[in-house]
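Engineer: Got a structure here, written out as structure tokens. Questions coming.
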Amino acid sequence: MSALFRKIPSVDLLLSRVEDDEDLAFMPRTMLRDLINDFLDACREEIRAGKIAGEEELEVEALWPGLRDYLRDRVKPRFRRVINATGVVIHTNLGRSVLPEEACRAAYSACAHYSNLEFDLDTGLRGSRYALVEELLCRISGAEAGLVVNNNAAAVLIILNTLAKDREVVVSRGQLVEIGGSFRIPEVMVKSGAFLKEVGATNRTHLKDYQDAISSATGALLKVHTSNYRIIGFHKEVSLKELVRLGLEHDLPVIEDMGSGNFFDFQAHGFSFMPEPTVQQVIKDGVSVVSFSGDKLLGGPQAGIILGKKKFIDPIKKNPMNRAMRIDKMTLAALEATLRFHLDPQKARQKIPTLRMITMDRKELKNKADRLKNRLRRKLGNRVDITVFPGQSRVGGGAFPEQDLPTYLVGLGCRDISCEDMRAFLLRADPPLVGRVENDLFCLDPRTIDGSEYQMVVESLWSVVSGR
Ligand SMILES: *Cc1c(COP(=O)(O)O)cnc(C)c1O
């Protein structure tokens, strides 16, 4: 064994081999040196464990393929593109919405050049970064005024802090929800400086419950979209219209956290989804202030959009917290480009990938599934059983939680490798592919895979199946 240890090449020798490799040569020497040391430590472990037993295995050229893969793996960017084969359209862990191409280009341009971010081109004076999107947002939604912050969690926080600090906010018990990633309404409320006044029972809240809770300490009435969960059966919530009437009687603002906040009316376009009011409807019903995410059903970048009556929006804009939550120029550029499509619902559906994927019809899904199946079969031959069968996709992002979207899945059954191993290997493919296991098959949902990604899917699966 000590003979083997002596045979381990020096770091300098390996370093000179690494510097001949153009994929790695650009890395700083100090970093490569550290990584080579780590690699050699692992070799020593393998010698001790008896996994390396022959001197020839320690030649530079014998170690090279392993070392090269180790280093390439360590130096590649940590933030990477992945293929979403899960069929969950707004997948929070995979970056929520894929943006329209025009939005990506607008973000690129905002990064690559100077811009009029806070510069008024009419007057040559300082301008407001929000002015342009505010006008667009108001045009689409019918609201009097609006602003945009970093995300919807920030939106809820700044709304409550501005309108209800040190005062009570009345909320139905059935709406005290936790959204994934630790956003809980009661906890956000505490941080905003407002006090939670819960009313009703978990499953039923009546107008009278709100009425009875209102006192001189009340600052606002809040309605929260229950997002990722739903109460079914013996259940009642008070409508926004009723709350607005009550708010007017007592001169209290009525706030709604809409969560996903859709401009696109799925029902009006023939999708028999569960009825969900659009932002336009909520504004029409007279809400004082409403907030929602930019990267859920809107299909744009991460943002928190706040709309409503000018008299409530103006103080929110002036809250010093706003400065700490402001959105950056890339987001703003991408948001404007996305919003422009929302001026025309047909265009929105065509151009915004999130809406296009959610509203994809069954015929197209079947075609996509068949095409993917054929391409896989051509490459993988008989090594894998490939079938297409009906399944379900999800909207995700807390939108339409009980709504299954019928789809066609491409199921892969592999003789030499278990579904779970296949799933794990595909996460290490380049680019990584995220799918799901169903009926003992590894399944790909074509709804969330773009046609231009098929080649990558085929290559990734080939690398797993062929063991390369
Ligand atoms: C998603 C969601 C949030 C959080 O929005 P982010 O944009 O992720 O910060 C808040 N409230 C509801 C009801 C939601 O669905």
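Engineer: From the phi angles alone, apply the Karplus equation (6.51, -1.76, 1.60; θ = phi - 60°) to the stretch 67-78 and give each ³J(HN,Hα) in whole Hz, x where the residue is Gly or Pro.
Structural biologist: For the stretch 67-78, the Karplus-derived couplings read 5, 4, 5, 4, 5, 4, 5, 6, 9, 6, x, 7 Hz, x marking Gly and Pro.
Engineer: Rounded to the nearest 500, what is the chain's calculated 222 nm mean residue ellipticity when only DSSP H runs of at least 4 contribute -39500 (n - 2.57) each, over all residues? Present the calculation step by step, with values, prior to reporting the outcome.
Structural biologist: Working: 19 runs with 198 residues, N = 468.
Result for the chain: -12500 deg cm²/dmol, rounded to the nearest 500.
Engineer: Among all the lysines, which ones have a C-alpha under 18 Å from Lys7's C-alpha, if same-chain residues fewer than 8 places away are not counted?
Structural biologist: Lys51
Engineer: Find the relative contact order for the chain and round it to a whole percent, using C-alpha pairs within less than 8 Å whose residues are 6+ positions apart.
Structural biologist: Numbers: 807 pairs, mean separation 90.7, N = 468.
The value is 19 percent.
Engineer: Distance cut-off 22 Å, Cα to Cα: go down the list Lys76/Lys373; Lys191/Lys309; Lys191/Lys329; Lys76/Lys296; Lys296/Lys351 and report the pairs above it. List each step's numbers first, then the result.
Structural biologist: Working: Lys76/Lys373 31 Å; Lys191/Lys309 24 Å; Lys191/Lys329 27 Å; Lys76/Lys296 29 Å; Lys296/Lys351 15 Å.
Going by Cα-Cα distance, Lys76/Lys373; Lys191/Lys309; Lys191/Lys329; Lys76/Lys296 fall outside the 22 Å limit.
Engineer: May I pose another question? Would you work out the relative contact order for the stretch 99-351, in percent, from Cα pairs under 8 angstrom that are 6 or more residues apart? Can you show the working numbers first?
Structural biologist: Working: 469 pairs, mean separation 73.1, N = 253.
Relative contact order, the stretch 99-351: 29 percent.
Engineer: Antiparallel as a % of all DSSP beta bridges within the chain, to the nearest 5?
Structural biologist: Details: 32 of 54 bridges.
Roughly 60 percent of the beta bridges in the chain run antiparallel, per DSSP.
Engineer: In whole Hz and in residue order, list the ³J(HN,Hα) couplings for the stretch 114-126 that follow from phi through the Karplus curve 6.51 cos²θ - 1.76 cosθ + 1.60, θ = phi - 60°; x for Gly and Pro.
Structural biologist: 6, 8, 8, 3, 10, 9, 8, 6, 7, 9, x, 9, 4
Engineer: How about Lys197: which lysines have a C-alpha closer than 16 Å to its C-alpha, ignoring those fewer than 8 places off in the same chain?
Structural biologist: Filter leaves Lys165, Lys208, Lys223.
Engineer: Could I ask something else about it? Please check the chain for the longest run free of chymotrypsin sites (Phe, Trp or Tyr not before Pro) that are loop-located per DSSP (anything but H, G, I, E, B) and have at most 10 other Cβ atoms within 10 Å.
Structural biologist: With a cap of 10 other Cβ atoms within 10 Å, the longest stretch comes to 235-468.
Engineer: If we count every other residue with Cβ under 12 angstrom of Glu22's Cβ, Lys/Arg +1 and Asp/Glu -1, where does the sum land? Mind showing how you got there, number by number?
Structural biologist: Numbers: positive: Arg68, Arg72; negative: Glu19, Asp20, Asp21, Asp23.
That works out to -2.
Engineer: For a quick check: sort Met357, Met27 by the number of other beta carbons within 10 angstrom, fewest at the front. List each step's numbers first, then the result.
Structural biologist: Numbers: Met357 25, Met27 16.
Exposure proxy ranking, most exposed first: Met27, Met357.
Engineer: Within the stretch 140-159, whose backbone N sits under 18 Å from a point 7 Å along Cα→Cβ of Glu178?
Structural biologist: 153
Engineer: Let me ask another. Find the relative contact order for the stretch 382-468 and round it to a whole percent, using C-alpha pairs within less than 8 Å whose residues are 6+ positions apart. Walk me through the intermediate numbers first.
Structural biologist: Values: 114 pairs, mean separation 23.0, N = 87.
Here the relative contact order equals 26 percent.
Engineer: Mind giving me the nanometre distance, one decimal, between the label points for Leu248 and Ser216, set 7 Å out from Cα along Cα→Cβ?
Structural biologist: 2.7
Engineer: Along the Cα→Cβ direction, 7 angstrom out, place labels at Val75 and Trp462. What is the inter-label distance in nm?
Structural biologist: Each label point lies 7 Å from its Cα, and together they span 2.7 nm.
Engineer: Of the chain, which part is the longest with no GluC sites (Glu not before Pro) in a loop (DSSP not H, G, I, E, B) and with at most 16 other C-beta atoms within 10 angstrom? Numbers along the way, then the final one.
Structural biologist: Numbers: sites that count: Glu19, Glu22, Glu59, Glu118, Glu144, Glu402.
The longest such stretch corresponds to 145-401.
Engineer: Treat each spin label as a single point 7 Å out from the Cα along the C-beta direction, and report the Met274 to Asp430 distance in nm.
Structural biologist: For the pair Met274/Asp430, the computed spacing is 4.4 nm.
Engineer: Any chance you could check the Cα centroid distance between the stretch 310-375 and the stretch 123-154 for me, in angstrom?
Structural biologist: If you average the Cα positions of each part, the centres end up 16 Å apart.
Engineer: Could I ask something else about it? So if each residue of separation counts as 0.36 nm, and I subtract the Cα-Cα distance between Arg33 and Ala49, what length gain in nm does that give? Each step should come with its number before you reach the end.
Structural biologist: Values: separation 16, 0.36 × 16 = 5.76 nm, distance 2.44 nm.
Roughly 3.3 nm would be gained on extension.
Engineer: Classify the stretch 2-74 from the C-alpha gyration tensor, please: rounded if a/c falls under 1.5, else prolate or oblate depending on whether a/b exceeds b/c.
Structural biologist: It is prolate, given that a/c is not under 1.5 and a/b is the larger ratio.
Engineer: Now a separate question. Extension gain Ala201-Asp20, at 0.36 nm per residue separation less the Cα-Cα distance, in nm?
Structural biologist: Details: separation 181, 0.36 × 181 = 65.16 nm, distance 6.98 nm.
Difference between extended and current length: 58.2 nm.
Rule-based calculations on the coordinates, nothing more; no lab input. It should be emphasised that the depicted structure is a prediction, and the values quoted were computed from it without experimental measurement. Cβ sites come from the backbone with ideal geometry, for glycine too, and all protein chains shown count toward neighbours.
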